[in-house]
Amino acid sequence: GRELRPIPAGAKCAVLALNLRMQSVLIKGMFTGTKLRGIVPAGLVEIERVYNSMPPKAQYIYPTDNRIHPVIEF
């Protein structure tokens, strides 16, 4: 909990999630604060994008529309 206190709500953040089976994802989003899960404070993130860094296809997996749109006017 102490580590999360200095982070203001609304700050952009990224979280790398790993497990012991050598799987990982990177989430990007906005930090929205903390909430107690039992007696442990947990950080809350409003997810904007999720990147799968594992084979066979390292790519963004959320949102599902990953196309790059051309700039038509500016």
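Quick note: the coordinates plus some simple rules give every number you see, no bench work behind them. What you are looking at is a predicted structure, and each value in this text was computed from that prediction instead of being measured.
Candidate values [x] 255; [y] 130; [z] 76 were compared with volume of the Cα convex hull per residue in Å³ computed on the shown model; the agreeing label is [y].
The lysines whose alpha-carbon is closer than 23 Å to the alpha-carbon of residue 12, local same-chain residues fewer than 8 away aside, are 28, 35.
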